[in-house]
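Below: the structure, in structure tokens.
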Ligand SMILES: [Zn+2]
Ligand SMILES: [Zn+2]
């Protein structure tokens, strides 16, 4: 079973049903952002704290992302040799 093409998203502000690729709620006009769950890769409203599919924390993923970019920056920095 892999019927993920028919996912339904709800506006976190007014609860209206949104299109998957919508950036603004057509009902209340608020900006709606979607994030991909780092665990199950499914899209959901960015303001949620936890993935509605697998229950993993979405806030944690942002932190991990930050750490990753930090590591990248460190790797980019050329080592100074004297
Ligand atoms: Zn709305
Ligand atoms: Zn998930």
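Things worth noting here:
- Over the residues of the chain, the helix contribution to mean residue ellipticity at 222 nm works out to -8000 deg cm²/dmol, using -39500 (n - 2.57) for each DSSP H run of at least 4.
- As a rough guide to protection, the peptides 48-55, 73-80 ranked by mean Cβ packing within 10 Å, highest first, stand as 48-55, 73-80.
- Packing, as the average of other Cβ atoms within 10 Å across residues, places the peptides 32-43, 10-21 in the order 32-43, 10-21, highest first.
- Estimated FRET transfer efficiency when R0 is 35 angstrom, pair residue 79-residue 39 (beta carbons, to 0.05): 0.50
- Radius, Kirkwood style, for segment 9-76 when every pair of distinct Cα atoms is counted (Å): 13.1
- Take the Cα of residue 70, go 7 Å toward its beta carbon, and the backbone nitrogen atoms of segment 10-49 under 20 Å from that spot belong to 38.
All of the numbers you see were taken from the coordinates with simple rules; none came from a lab. Because the structure is a prediction, the values reported are computed rather than measured. FYI the Cβ positions are ideal-geometry reconstructions off the backbone, even for glycines, and counts take in every protein chain you see.
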